[in-house]
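Reviewing the structure listed below.
The values are calculated or read from the model by the stated rules, or taken from the named source; none is laboratory data. Computed from a predicted structure; not experimentally measured. Cβ coordinates were reconstructed from backbone atoms using ideal geometry, including for glycine residues, and neighbour counts include every protein chain displayed.
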Amino acid sequence: MANAIRDWYNIPTHPKRGSDGRIERPGCVALTSGSVARLHTQVLLGRALVATSFPVGAAITHGMEPELLTLLRFALATLLFAPYVAWRHGLALPSVKVLAGYAAIGACLAAFFWAMFAALRLTPALNAAALHTVLPGIAAIYAAILVRERLGKHRIVALLLGAVGALWVVFRGDLNLFLNLAFNKGDLIFLAGLLAMGLYTPLVRRLHGEEPAAVMAFWTMATGTVWLLLLNNLAVFQMDWSSIEVKVFAGIAYLAVFTTIISFFIIQHATLHLGPTRVMSYSYLTPAFVIAIEWAMGKGLPTTMTLPGIAIIVVAMFVVQSGIARRGTAP
């Protein structure tokens, strides 16, 4: 299994480490069409996994305080991922400057997931899914500022169309449902989380040195855990753990492995090569993935009125993804 993962991401067997603690990587390499297709497939998988966090999060958010639930998710993910990273790359402590970069990325993720769990206590999943459609646009603005990513008029229009298509899917093509949508305190909390999450992929691109994506993902989760420990203060020791339902722990375990370790790894790896806007634009598919998940859970399929929205998303994403693949460091 480990060998398969290493081959999938082209991870070296004996990486060299620089004086600042970073792992040295080969120089820039051109991405082949096969490599680009594989990256896009990985991002699709990552986004599908992220979409599962909405129904899972909604199911367990009332079983524990949001900040404590998020802490356990990050801490478990860090502990489970540590042996793999230690085995493949080693766990030498990075320099203060590098660690500060990881902490900045970790803070964005910790803020977003705390906001998501807190918001789902106060707002319907429909509102959260609707707000989630602004994330690619937020990330595009940050990317233009932080990494000088040039969008062009066509991609800007495509980002707007993608948001329209995603909203169409969320509201099942029902204009009245959209017009009657009432925003609340939970929506404001989630919007603040989205503003933090929008920084995620641009910061990954801006702060990445020569380390493999797995190393960056590990230290992102580890520093995120530290931020959440500070946020929780003494709540960890005051919690009556025996009162927590088994399904809550099961949900945390699922989120730690599939929507944290695997999705963080995939998204950070792809961002280094495809760019923040391209990777984040796949967020437009979140409502469609949620619909598919709900159908698999026996909740039925939406009406055919959602099909135009899906078509708009596909066209918009094609425009955003168009262009020559970027050159970058080897994964």
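Answer yes or no: is there a residue in segment 122-132 that is within 26 Å of I244 (Cα to Cα), touching a helix residue (DSSP H, G or I) at 6+ places or on another chain (Cβ under 6 Å) and at pLDDT 90 or above.
Residues of segment 122-132 that are within 26 Å of I244 (Cα to Cα), as a first pass: 122-125, 128.
Checking the rest, the ones that are also touching a helix residue (DSSP H, G or I) at 6+ places or on another chain (Cβ under 6 Å) come to 122-123, 125, 128.
If we keep only those that are at pLDDT 90 or above as well, we get none.
The answer is no, given that none of the residues of segment 122-132 is within 26 Å of I244 (Cα to Cα), touching a helix residue (DSSP H, G or I) at 6+ places or on another chain (Cβ under 6 Å) and at pLDDT 90 or above.
Looking for whichever is of a type in the set (G, A, S) and closer than 25 Å to L80 by Cα here; the options are A222, A166. Which one fits? Walk me through it before giving the result.
Numbers: A166 fails: closer than 25 Å to L80 by Cα.
That would be A222, the only listed residue that is of a type in the set (G, A, S) and closer than 25 Å to L80 by Cα.
Which of (1) surrounded by fewer than 17 Cβ atoms within 10 Å (Cβ to Cβ); (2) not in a loop (DSSP other than H, G, I, E, B) does W114 not meet, given it meets every other one?
Evaluating W114 over (1) surrounded by fewer than 17 Cβ atoms within 10 Å (Cβ to Cβ); (2) not in a loop (DSSP other than H, G, I, E, B) leaves (1) as the failure.
Taking the residues in segment 305-320 that are closer than 18 Å to E149 by Cβ and β-branched (V, I, T) as candidates, determine which candidate is surrounded by the most Cβ atoms within 10 Å (Cβ to Cβ). Lay out the reasoning, then the answer.
Narrowing segment 305-320 to residues closer than 18 Å to E149 by Cβ: 316-317, 319-320.
Next, from what is left, pick out any that are β-branched (V, I, T): 319-320.
Working: V319: 18, V320: 26.
Ranking the qualifying residues of segment 305-320, first place goes to V320.
What residue, among those in segment 159-187 that are in contact with a Phe, Trp or Tyr (Cβ under 8 Å, 6 or more places away or on another chain) and at pLDDT 80 or above, is nearest to T304 (Cα to Cα)?
Selected residue: G165.
Consider only pairs whose beta carbons are under 9 Å apart and that are at least six residues apart or on different chains; among these, list those whose first residue lies in segment 234-251 and is surrounded by 12 or more Cβ atoms within 10 Å (Cβ to Cβ) and whose second residue is assigned to a loop (DSSP other than H, G, I, E, B).
A235/E65; M239/M64; M239/E65; I244/M64; V248/M64
Sort out which residues of segment 50-60 are surrounded by fewer than 20 Cβ atoms within 10 Å (Cβ to Cβ), in a helix (DSSP H, G or I) and out of contact with any Gly (no Cβ under 7 Å at 6 or more places or on another chain), and write them in order of number. Walk me through it before giving the result.
Quick first cut of segment 50-60, residues surrounded by fewer than 20 Cβ atoms within 10 Å (Cβ to Cβ) only: 52, 55-56, 58-59.
Okay, now just the ones that are also in a helix (DSSP H, G or I), so 55-56, 58-59.
P55, A58, listed by residue number.
Looking at segment 210-247, which of its residues are part of a loop (DSSP other than H, G, I, E, B) and touching a strand residue (DSSP E or B) at 6+ places or on another chain (Cβ under 9 Å)?
Filtering segment 210-247 down to residues part of a loop (DSSP other than H, G, I, E, B) leaves 210-212, 233-234, 239-240, 244-245.
Result: E210, E211, P212.
Among G209, G224, which is within 27 Å of A130 (Cβ to Cβ) and touching a residue at least 24 places away in the same chain (Cβ under 8 Å)? Before the answer, list the steps.
Numbers: G209 fails: within 27 Å of A130 (Cβ to Cβ).
The match here is G224.
Only one of L120, L76, L80 is surrounded by fewer than 16 Cβ atoms within 10 Å (Cβ to Cβ), within 20 Å of T259 (Cα to Cα) and touching a residue at least 40 places away in the same chain (Cβ under 8 Å); which?
Details: L120 fails: surrounded by fewer than 16 Cβ atoms within 10 Å (Cβ to Cβ); L76 fails: surrounded by fewer than 16 Cβ atoms within 10 Å (Cβ to Cβ).
One residue alone meets the criteria, L80.
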